[in-house]
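Scroll down for the structure; my scribbles are underneath it.
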There are 2 protein chains.
Amino acid sequence: MTDYRSEYPFGVRHDGPEPASAGAEPGSSPPRATGTLESGLPLDAFDARLFREQSETVVAKLEKHLSDVSIRGLDLTDPAALADAARALMTTERTRIAPFDERKLAGIVDLYIRTGIQVHSPGYMGRQFSGVVPLSGVIDFVSSVVNQPSSFYEAAQLPSVAERIMAEELNAFIGWERDGFAMVTTSGGSLANLTALLAARNQAFPGFWSEGGSGLAGQPRPAVAVGDDVHYSVARAAGVMGIGDAQIVRLPLNERHQICVERARGVLDAAARRGLKVFCLVASSGTTAMGAFDPLDELGDLARERGLWLHVDGAHGASLLVSDELRHKLRGIEKADSLTWDAHKMLFTPAPCTLLFYRNKENSLGAFRQRASYVFDEEPDIYTALDSGEKNFECTKRPMIMPLWTLWAVYGRALFARKIEYLCRLTADAHRILVRESDFETLHCPEANILCFRFRPAGLGDEDVHDVQVEIRNRIKSEGNFLISKVDVDEVAALRVVMMNHQVTSEHFRMLLGEIRRVGRDLLRQNRPSR
Amino acid sequence: MTDYRSEYPFGVRHDGPEPASAGAEPGSSPPRATGTLESGLPLDAFDARLFREQSETVVAKLEKHLSDVSIRGLDLTDPAALADAARALMTTERTRIAPFDERKLAGIVDLYIRTGIQVHSPGYMGRQFSGVVPLSGVIDFVSSVVNQPSSFYEAAQLPSVAERIMAEELNAFIGWERDGFAMVTTSGGSLANLTALLAARNQAFPGFWSEGGSGLAGQPRPAVAVGDDVHYSVARAAGVMGIGDAQIVRLPLNERHQICVERARGVLDAAARRGLKVFCLVASSGTTAMGAFDPLDELGDLARERGLWLHVDGAHGASLLVSDELRHKLRGIEKADSLTWDAHKMLFTPAPCTLLFYRNKENSLGAFRQRASYVFDEEPDIYTALDSGEKNFECTKRPMIMPLWTLWAVYGRALFARKIEYLCRLTADAHRILVRESDFETLHCPEANILCFRFRPAGLGDEDVHDVQVEIRNRIKSEGNFLISKVDVDEVAALRVVMMNHQVTSEHFRMLLGEIRRVGRDLLRQNRPSR
């Protein structure tokens, strides 16, 4: 074969000095290449040396950001003012290509970092997304530049192989047969939940893919049973996939906000009497609202007994599997048919990185059934055997496994286990602190790293509890020291912290409580809320 | 309010020297902080200075990669061998956190780059994904580290504002009323197509979201009309959303592989007679297979006349709108109801970055209908007005607009227009070259940057044409100089080039033809294929 690698270095017309050679020392800095490419495009925008300079600008700013351990929440800006600031950074050149302006880049990055949610600060206790382990961001940068869409092995060989490796590594904690299970990555937990439900729907109703819901006229309606605190994406999936969100059967929760298995049986029976054919049971590990872990062992038995597909939405909590201390929260996971697991939550990688596991690898082919000649090769071979395009929704898919696999390869499992264990311990500590405070109400004993509570001093009437929590949350947010969230628990608002940052200590939590108390008392004094 | 920013710098217990201070000069390099955090985690993995060193390693490798203009295709590796190489880079530490090892990182990045599809090489003419403009990768790096999920304004203020700005900038080329249209970003063209079809379905069948397809018993079945070359994601969407892929009505194409509007009327009439209620017409700008642009102006009239939602899948070709020379390919786009536009294709940003436009902003609320207290705020305000979580499928969504907006802000529209114009000109040149070669068959006059053709020398029987193209494609791929794709055109395989790289010249295309000819002749001589 002819090797063109060194023979044909054309394609670039140099009007200026030589561009950066492939072996240039990162430290050296000769004058930048200028001129145009054969295409007439200025070399500038595609110049490798300029890329390095831009990267250095950004790395310095990110380094500063990561080393800033000050306590801060959110710097909430009026969108109109922010739009003005953003527009002021835009070139006014309409017809020609503007030359690169380092000040514009610096301005954009500064504005981006400053106005963002401060996930790396100890003031951040707000939501389920997390500051990333820095190395995972570094590898994600490689993905952004090399651009290897990973639904097909030939386009992204290492990501395809890394998916297989991570599947095996993580399945060691799930416990399925090594040759029997399957895993695909997909763009977020909502898409993973939809994909699993489609596989379940298509297995239970083999004509649905081709004929749609109309093909079932006169038969019992397909339905999905869920815990009452299930993530909104599951009910949304029912609406999307033509089941109809009215066919969501909500199972009652026990006092720990887990699905109550005993009462679930009666609800399923009642659903059958109403003409519903429940084909899938969705459990949560843990719930978004309170971090409750449904009893998978018992639910697995129930599902088997009734011929239901058991899908576990472990977007948040599946990561507890990697900890020897905490794995028991998912006892029975091996009985599930499918599992959603967000690495961008509790494995601390850039979003999205969602893993969808199936106990039975044949089932992973059931969510979508179709062929297209330009993407799906006609005969599988050792290469196309690693293609995932028939199993995941996306055609072009980010090689999202790379940050996770790299962290796992470089630091090993213990990094994740230790961080998760700390976060759960911290949350238990926070709960113990709350219990001793007479003006706060605890709502549950936290199972993981989500804690819900209310400020409820003597003199606050039941009818005002809801509005006071909402207003406290808003004021805490606008003061800008801490970011927390709110959630309705039994239809009354509660304050919610999610401990995702290992730089948060119980001392920070005490400071938060002090701020809540001050804000809450001000509120009750100044402006008694009315409904 | 209390300002904790400077008062409480705790949370870190130092066993070693001070960690990098927030204002450290990027140039200086004191010994790295070691020790542990309050959490017991080693500081190392989260150290900002180590982050900089890791970034520098990666930037040097990416700089080298970007400056390598050698001609190369794919280095296809046996997955088992690659898995061994990958496993060799993994720590064997199972219980403790392994210390950072720079050689492992270097090994991972080298392997990742070497085994990837070489989108930045002139040998790459293979698919519709592209080398990125380097600056867009740099900004995507910021997104990977700061982690601002962008379905909610408060979590990602600048991305939310940048979405609005880019929507306005790009709508200037579509031409909808400034106050009337809407745009959301979503994770890939397939998800955008599904989202638009859901909005169309829910508008035409208001009970479908809640009741599903079973609710339509006895009524005409919902159906979607598409051009015969439509992307597989559209038929897949019909299967997903409970319409059923058998209810895809395929419209015939004319000799230019565009939807033939005259014949389409008859096909729609026949569908109605079969009991189908077509509610949506999907046009392509352009098609994946051949880059054909459907006649939007006429299809817009047809859709209006029959009360159909017109969705345009412009994943590949919508970007031609930014060029004054090429915009006419989408003449009539203002008549569409929705438009899918992948910035990660012809606007050269990291994947995914898909924009979904609606002519009527009310329609953008129709795809998903649901509320959840922990994410959707109860009363809209100036902040939550920019939330997109009710309009896009994802809950956690990458701030994918940032690379696009940054390129647009820094370089302006002309960068995109010039590059696209060059790629389309290059493709027309390639077609002119082919026409003059008697042993090649041209299949269309390319409308954009996709060109399909066959090697068809005298003596190659009709019955062998298909297999010879497939085998040529595979051999070209395995020789490793060029990467091209194949597609079936009228059920016979053809070779396909997609010109996404401005460093490709017509000289490279001539070299490719030379290689195809050599490989093809060898094939015919050595091993006459049999079916």
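The values are calculated or read from the model by the stated rules, or taken from the named source; none is laboratory data. It should be emphasised that the depicted structure is a prediction, and the values quoted were computed from it without experimental measurement. In this analysis, Cβ positions are derived from the backbone assuming ideal geometry, glycine residues included, and neighbour counts consider all displayed protein chains. What goes into the accessible areas is simple: the full protein's heavy atoms, side chains included, and nothing from ligands, DNA or RNA. Shrake-Rupley method; radii C 1.70, N 1.55, O 1.52, S 1.80 Å.
Scanning region A:324-333 for residues that are over 14 Å from A:HIS311 (Cβ atoms) and either in contact with a Gly (Cβ under 6 Å, 6 or more places away or on another chain) or free of Cβ contacts under 8 Å to residues at least 24 places away in the same chain (or both) yields one hit, A:HIS328. Evaluate the following for B:ALA315: is it in contact with a Phe, Trp or Tyr (Cβ under 8 Å, 6 or more places away or on another chain) and either under 27 Å from A:PRO399 (Cα atoms) or without any contact (Cβ under 8 Å) to a residue 24 or more places away in the chain (or both)? In short, yes.
Here is a yes/no grid of residues against (1) surrounded by fewer than 24 Cβ atoms within 10 Å (Cβ to Cβ); (2) not in a loop (DSSP other than H, G, I, E, B):
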{"site": "B:SER150", "(1), (2)": "no, no"}
{"site": "B:SER160", "(1), (2)": "no, yes"}
{"site": "B:ILE165", "(1), (2)": "yes, yes"}
{"site": "B:ALA172", "(1), (2)": "yes, yes"}
{"site": "B:GLU177", "(1), (2)": "yes, no"}
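Residue check: B:VAL59 meets all listed conditions (1) assigned to a helix (DSSP H, G or I); (2) of a type in the set (A, V, I, L, M); (3) touching a residue at least 40 places away in the same chain (Cβ under 8 Å) but one, namely (3).
Quick check on A:ASP75: is it over 20 Å from B:LEU415 (Cβ atoms), open to solvent by 20 Å² or more (accessible area, probe 1.4 Å) and in contact (Cβ under 8 Å) with a residue 60 or more places away in the chain?
yes
Does A:THR195 satisfy the condition of being part of a strand (DSSP E or B) and either of a type in the set (Val, Ile, Thr) or under 20 Å from A:PHE279 (Cβ atoms) (or both)? Against the criterion (part of a strand (DSSP E or B) and either of a type in the set (Val, Ile, Thr) or under 20 Å from A:PHE279 (Cβ atoms) (or both)), A:THR195 does not qualify. Pairing each residue of region B:148-177 that is more than 24 Å from B:ALA336 (Cα to Cα) and more than 9 Å from chain A (Cβ to nearest Cβ) with any residue that is open to solvent by less than 10 Å² (accessible area, probe 1.4 Å) and of a type in the set (Asp, Glu), provided the two are 6+ apart or on different chains, yields C-beta distances under 7 Å for B:SER151/B:GLU394.
Looking only at region A:274-302, filter to residues that are out of contact with any helix residue (DSSP H, G or I) (no Cβ under 7 Å at 6 or more places or on another chain) and of a type in the set (Gly, Ala, Ser); which one of those is most open to solvent (accessible area, probe 1.4 Å)? Step by step, filter region A:274-302, then rank; the result is A:GLY275. On the stretch given as region B:221-236, residues that are more than 20 Å from B:LEU191 (Cβ to Cβ), more than 9 Å from chain A (Cβ to nearest Cβ), open to solvent by 10 Å² or more (accessible area, probe 1.4 Å) and touching a residue at least 40 places away in the same chain (Cβ under 8 Å) total 1. Taken over region B:455-472, the criterion of being open to solvent by less than 10 Å² (accessible area, probe 1.4 Å) and within 12 Å of chain A (Cβ to nearest Cβ) is satisfied by B:GLN469 alone.
For region A:362-377, filtered to residues that are in contact with a strand residue (DSSP E or B) (Cβ under 7 Å, 6 or more places away or on another chain) and under 21 Å from B:GLY291 (Cβ atoms), the residue that is modelled with the lowest pLDDT is A:SER373. From the list B:GLY213, B:GLY207, B:GLY239, the one residue that fits, being without any contact (Cβ under 8 Å) to a residue 12 or more places away in the chain and open to solvent by less than 10 Å² (accessible area, probe 1.4 Å), is B:GLY239.
Output the residues belonging to region A:110-136 that are closer than 15 Å to B:TYR112 by Cβ and of a type outside the set (A, V, I, L, M).
Matches in region A:110-136: A:SER136 only.
Applying the criterion of at least 2 residues that are within 30 Å of B:VAL138 (Cβ to Cβ) to the strands (runs of 3 or more DSSP E) found wholly in region B:286-405 leaves B:338-342, B:354-358. Within region A:117-128, the set of residues being in contact with a strand residue (DSSP E or B) (Cβ under 9 Å, 6 or more places away or on another chain), buried (at least 24 other Cβ atoms within 10 Å of the Cβ) and not β-branched (Val, Ile, Thr) comprises A:GLN118, A:SER121, A:GLY123, A:TYR124, A:MET125, A:GLY126, A:ARG127. Residues that are surrounded by 19 or more Cβ atoms within 10 Å (Cβ to Cβ) and part of a helix (DSSP H, G or I) within region A:80-106 comprise A:LEU82, A:ALA83, A:ALA86, A:LEU105, listed in sequence order.
So which residues in region B:422-445 are under 21 Å from the mean Cα position of the chain (by Cα) and either open to solvent by 10 Å² or more (accessible area, probe 1.4 Å) or basic (Lys, Arg) (or both)?
Result: B:TYR422, B:CYS424.
In this structure, B:CYS452 qualifies as part of a strand (DSSP E or B), out of contact with any Phe, Trp or Tyr (no Cβ under 8 Å at 6 or more places or on another chain) and buried (at least 21 other Cβ atoms within 10 Å of the Cβ).
Scanning region B:314-333 for residues being within 21 Å of B:THR287 (Cβ to Cβ) and open to solvent by 10 Å² or more (accessible area, probe 1.4 Å) gives a total of 7.
Table: residues versus (1) touching a His at 6+ places or on another chain (Cβ under 6 Å); (2) assigned to a loop (DSSP other than H, G, I, E, B).
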site	(1), (2)
A:GLN469	no, no
A:ILE472	no, no
A:ALA493	yes, no
A:VAL497	no, no
A:MET500	no, yes
A:GLN503	no, yes
A:HIS508	no, no
